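Scroll down for the structure; my scribbles are underneath it.
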Amino acid sequence: MKQHNWRLPDGVDELLPPDAWQIEQLRRRILDTFDRWGYDYVMPPMIEFLDALLVGSGHDLELQTFRMVDPYSGRMLGIRADMTSQAARIDANSLQGEGTRRLCYAGSVVHAKPEGVLPSRVPLLAGAEVFGAPSLAADAEVVALMVEVLRLGGLDTPVLELGHVGIFRALAAEAGLDEGAERAFFAALQRKSEPDLRQLIADTGVAQPTADHLLALPTLLGTADMLSRAGTRLADAPAGVTEALAQLEALASEVHSRCPQLDLRFDLCELTGYGYHTGVVFAAYSAHLGRPIARGGRYDAIGDAYGRARPATGFDVNLKRLPRLENGQRPPIWAPALAAIEDTHQRRALWQRISTLRDQGERVLCALDEKDTAPADCQAELVWQAPIGEWTVQDLTHQGESNHGK
């Protein structure tokens, strides 16, 4: 006999009441915010042909993508692990026209492996992307929008960490690293491991001063004064490093003008999405969670793989990592079973009252028969008032009429 067939796979979770409704409310509020900022909503498919889904997406996303054979075409399919590349495909192929385009989305993705010990492998993402705008003003806009989304989710004081993948790319190019060595250095920088970096420098023969520059990166983090220290430590680095530092400083100024209360930090080892990002990157953290809640950056090169290279920048936020909203589902109003009411006028009046309350946004539960009882969270019920000839809402202790009946 089969046992435990009710269990979900490791890392796969489901949302139950009241969390499911709270997150759905948040998703709706975020989409309304995207709309007010002028972003057009798209709904990419959950599965695509694997080569289209992974093109330009980077090694990490490739490892996170589930694969299967399409029984209809015989081609390999992938379940999306991210929605940024899908938005880029839509901008490049599905939509026409030049100029700036703003797209947004919200939906579940599936990861082959969790990003840590406890995280869900089925994140619920909401994100926004800007295409066709190469300026830092576009990056500043998506950062400000991300901060607004976090505020909607109950995170009023996020810590925003800025980085720039161009710094490491320029140093890796100067060092002449091959693809394998570049990945090894990237991993060591993510761990901020000086011993590993020194060993890699010795193994690959990276010359001075590039070796010193690479060793400096894990120490270059902190508040705005870090940028001046970085300028000094990396003064003789390639021109790409100097340009990246200048972009970070300019972006910080733009973001500060929009979000003056934001706790802004810098980390030159912040290389989120290194496989496809090309410029500034950013990640938002909560004081109570070590993993990023939202992240994004510039990825100008990805559209070229779809036949239409366009500047692009954007972010996404994992709704499951945001604090739960305090305003969950309101308690339902209990209504008696329609079939149990013999008087035709009362029965029609009850149905009209139920419909009116629902149109007003109230939750109304109607008994299915005389044996059906109100759930524990019901705090009010519909009662027939003979003297006035109508159904009114009263609390279940009958200690007075609630505001619903007024």
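The values are calculated or read from the model by the stated rules, or taken from the named source; none is laboratory data. Quick caveat, the model's predicted, so the values are computed rather than measured. Glycine gets a Cβ as well: all are built from the backbone with ideal geometry, and neighbour counts include every protein chain shown.
Which residue pairs have Cβ atoms under 6 Å apart, sit 6 or more places apart or on different chains, and have a first residue in region 1-25 that is more than 16 Å from Pro323 (Cα to Cα) and assigned to a loop (DSSP other than H, G, I, E, B) and a second that is modelled with pLDDT of 90 or more and of a type in the set (A, V, I, L, M, F, W, C)?
Filtered contacts from region 1-25: Val12/Val122.
Residue by residue, here is whether (1) closer than 30 Å to Val130 by Cα; (2) at pLDDT below 90; (3) in contact with a Pro (Cβ under 9 Å, 6 or more places away or on another chain); (4) among the charged types (D, E, K, R) holds:
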residue: Lys2; (1), (2), (3), (4): no, yes, no, yes
residue: Leu16; (1), (2), (3), (4): no, no, no, no
residue: Ala20; (1), (2), (3), (4): yes, no, no, no
residue: Leu26; (1), (2), (3), (4): yes, no, no, no
residue: Leu31; (1), (2), (3), (4): yes, no, no, no
residue: Phe34; (1), (2), (3), (4): yes, no, no, no
residue: Gly38; (1), (2), (3), (4): yes, no, no, no
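Here's the yes/no breakdown for (1) more than 24 Å from the chain's Cα centre (by Cα); (2) not in a helix (DSSP H, G or I):
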residue: Gly290; (1), (2): no, yes
residue: Ala294; (1), (2): no, yes
residue: Gly297; (1), (2): no, yes
residue: Arg308; (1), (2): yes, yes
residue: Asp316; (1), (2): no, yes
residue: Arg330; (1), (2): yes, yes
residue: Trp334; (1), (2): yes, yes
residue: Ala339; (1), (2): yes, no
residue: Gln346; (1), (2): yes, no
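Within region 267-288, can you find the residues that are over 25 Å from Ile90 (Cα atoms), touching a strand residue (DSSP E or B) at 6+ places or on another chain (Cβ under 8 Å) and assigned to a loop (DSSP other than H, G, I, E, B)? Let's see the steps before the verdict.
So the first thing to find is which residues in region 267-288 are over 25 Å from Ile90 (Cα atoms), and the list is 267-271, 284-288.
Remaining after also requiring touching a strand residue (DSSP E or B) at 6+ places or on another chain (Cβ under 8 Å): 267-271, 284-287.
Selection gives Leu268, Cys269, Glu270, Leu271, Ala287.
When you check Arg308 against the structure, is it within 23 Å of Phe168 (Cβ to Cβ), of a type in the set (Lys, Arg) and out of contact with any Phe, Trp or Tyr (no Cβ under 9 Å at 6 or more places or on another chain), yes or no?
no
Looking at Ala170, Ala126, Ala138, Ala188, can you tell me which residue is under 30 Å from Ala211 (Cβ atoms), touching a residue at least 60 places away in the same chain (Cβ under 8 Å) and small (Gly, Ala, Ser)?
None of the other options fit; the residue is Ala170.
Yes or no: Asp300 surrounded by fewer than 15 Cβ atoms within 10 Å (Cβ to Cβ), out of contact with any helix residue (DSSP H, G or I) (no Cβ under 9 Å at 6 or more places or on another chain) and either within 29 Å of Leu54 (Cβ to Cβ) or not aromatic (Phe, Trp, Tyr) (or both)?
Details: surrounded by fewer than 15 Cβ atoms within 10 Å (Cβ to Cβ): no; out of contact with any helix residue (DSSP H, G or I) (no Cβ under 9 Å at 6 or more places or on another chain): yes; either within 29 Å of Leu54 (Cβ to Cβ) or not aromatic (Phe, Trp, Tyr) (or both): yes.
Considered against the rule, which asks whether it is surrounded by fewer than 15 Cβ atoms within 10 Å (Cβ to Cβ), out of contact with any helix residue (DSSP H, G or I) (no Cβ under 9 Å at 6 or more places or on another chain) and either within 29 Å of Leu54 (Cβ to Cβ) or not aromatic (Phe, Trp, Tyr) (or both), Asp300 comes out as no.
Which condition from (1) modelled with pLDDT of 95 or more; (2) under 30 Å from Thr272 (Cα atoms) is the one that Gly303 breaks?
Failed condition: (1).
Here is a list: Arg198, Arg183. Which entry is among the basic types (Lys, Arg), at pLDDT 95 or above and out of contact with any Ser or Thr (no Cβ under 8 Å at 6 or more places or on another chain)?
Arg198
Step by step: first the residues of region 153-169, then only those that are in contact with a Ser or Thr (Cβ under 9 Å, 6 or more places away or on another chain) and in a helix (DSSP H, G or I), then the one that is surrounded by the fewest Cβ atoms within 10 Å (Cβ to Cβ). Which residue is that?
The extreme case among them is Arg169.
Assess whether Ala211 counts as being among the small types (Gly, Ala, Ser), at pLDDT 95 or above and surrounded by 13 or more Cβ atoms within 10 Å (Cβ to Cβ).
yes
Would you check which residues across region 126-151 are within 15 Å of the chain's Cα centre (by Cα) and surrounded by 20 or more Cβ atoms within 10 Å (Cβ to Cβ) and list them?
Listed by number, the residues that qualify are Ala126, Gly127, Ala128, Glu129, Val142, Val143, Leu145, Met146, Val147, Val149, Leu150.
Assess whether Leu338 counts as being of a type in the set (A, V, I, L, M, F, W, C) and either surrounded by 19 or more Cβ atoms within 10 Å (Cβ to Cβ) or assigned by TED's automatic domain parsing to the domain that holds Pro209 (or both).
No; evaluated as a whole, the condition is false for this residue.
For the condition in the same structural domain as Leu53 (by TED's automatic domain parsing), at pLDDT below 90 and surrounded by 16 or more Cβ atoms within 10 Å (Cβ to Cβ), what is the one hit in Leu319, Leu325?
Values: Leu319 fails: at pLDDT below 90.
The conditions single out Leu325.
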